[in-house]
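*Asks:* Encoded as structure tokens, here's the structure I'll be asking about.
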Amino acid sequence: MSGRTPIFSIMTGESFYTLFETVAGFVAIGWNAKGINSLRLPAGSKAEAERALLRRLPSAQRVVPPPAVQAVIDDAVRYFAGERVDFAQVPVDLGRQEPFFERVYAAVRQLGWGETATYGAIAKLLEAGPEFARDVGQAMAGNPVPLIVPCHRVTAANGRIGGFSAPGGAHSKALMLGIEGVEVRDGVVTRDMPQLGLGF
């Protein structure tokens, strides 16, 4: 690992990454001048986490994280240990996205700890028709920074947790919801789904 320690304010287009361990497994996190631009949720090994991140950021350099990134890492470690953590203010760079996807990600970042919303509810919040629920699902599947943009809090209709593109798939999504006190049984959220952060 290089000894260089970049900060968010570097004036280049370079991306950097590091790996760290949580109680749930190994996580890879990437960043650039604007903020966090990739996060791979816990995998079974460092190599698996690293491969997942480098598929998205093939030219990223592994370095010692700067303080701003280390703070996010520390929060992620605390999160998977069961502590209530809020990632809403973490700077992110989601790359080039369709305008609707950008709006979806901004809306989902409003969901707080233990709050859930359906794909259709997010579409409604954005004043889009129910046919846009599928687009919301596509945005969640392509989310480059899960946990920071908490796509695990967005479910399919009728409380079904739906798919999850992170390592472990729907099991990982259920695990993360469980950390936040949301009970999932047989792939379905078993309590009323609060829409508190979105006001509906």
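*Asks:* Do we find that ALA156 is touching a strand residue (DSSP E or B) at 6+ places or on another chain (Cβ under 6 Å), at pLDDT 85 or above and open to solvent by 20 Å² or more (accessible area, probe 1.4 Å) in this structure?
*Replies:* no
*Asks:* Can you tell me which of (1) free of Cβ contacts under 8 Å to residues at least 12 places away in the same chain; (2) closer than 26 Å to VAL23 by Cβ is the one PRO130 doesn't meet?
*Replies:* (2)
*Asks:* Same structure again: So is ALA141 small (Gly, Ala, Ser), within 19 Å of the chain's Cα centre (by Cα), at pLDDT 85 or above and farther than 23 Å from ALA88 by Cβ or not?
*Replies:* Taking the combined requirement at face value, the residue does not satisfy it.
*Asks:* Please state which one of ILE161, ILE148 is within 13 Å of the chain's Cα centre (by Cα) and either buried (at least 16 other Cβ atoms within 10 Å of the Cβ) or among the small types (Gly, Ala, Ser) (or both). Quick ask: steps written out before the conclusion?
*Replies:* On the way: ILE161 fails: within 13 Å of the chain's Cα centre (by Cα).
Step by step, each of ILE161, ILE148 is checked, and only ILE148 is within 13 Å of the chain's Cα centre (by Cα) and either buried (at least 16 other Cβ atoms within 10 Å of the Cβ) or among the small types (Gly, Ala, Ser) (or both).
*Asks:* Sticking with this structure for a sec: Would you mention how many residues in the stretch 51-92 are within 19 Å of ALA141 (Cβ to Cβ) and open to solvent by less than 30 Å² (accessible area, probe 1.4 Å)?
*Replies:* The qualifying residues number 3.
*Asks:* Sticking with this structure for a sec: Output the residues belonging to the stretch 159-191 that are among the aliphatic types (A, V, I, L, M) and modelled with pLDDT of 85 or more.
*Replies:* ALA174, LEU175, MET176, LEU177, ILE179, VAL182, VAL184
*Asks:* Would you mind stating whether LEU126 is in contact with a helix residue (DSSP H, G or I) (Cβ under 9 Å, 6 or more places away or on another chain) and surrounded by fewer than 17 Cβ atoms within 10 Å (Cβ to Cβ)?
*Replies:* In short, yes.
*Asks:* Then there is this: Out of curiosity, is SER38 surrounded by fewer than 15 Cβ atoms within 10 Å (Cβ to Cβ) and polar (S, T, N, Q)?
*Replies:* No; evaluated as a whole, the condition is false for this residue.
*Asks:* A further question follows. Looking only at helices (runs of 4 or more DSSP H) that lie completely in the stretch 81-192, which have at least 1 residues being touching an Asp or Glu at 6+ places or on another chain (Cβ under 8 Å) and of a type in the set (Phe, Trp, Tyr)?
*Replies:* Ranges flagged: 99-108.
*Asks:* Determine, yes or no, whether ALA71 is within 16 Å of VAL145 (Cβ to Cβ) and without any contact (Cβ under 8 Å) to a residue 12 or more places away in the chain. Reasoning before the result, please.
*Replies:* Numbers: within 16 Å of VAL145 (Cβ to Cβ): yes; without any contact (Cβ under 8 Å) to a residue 12 or more places away in the chain: yes.
Yes; evaluated as a whole, the condition is true for this residue.
*Asks:* For the stretch 8-33, give me the residue count where each residue is closer than 16 Å to PHE87 by Cβ and either open to solvent by 50 Å² or more (accessible area, probe 1.4 Å) or among the polar types (S, T, N, Q) (or both).
*Replies:* 1
The values are calculated or read from the model by the stated rules, or taken from the named source; none is laboratory data. None of these values were measured; they are calculated from a predicted model. So basically every Cβ, Gly included, is an ideal-geometry build from the backbone, and we count neighbours across all protein chains shown. Accessible surface areas use protein heavy atoms only, side chains included; no ligands, DNA or RNA. Shrake-Rupley method; radii C 1.70, N 1.55, O 1.52, S 1.80 Å.
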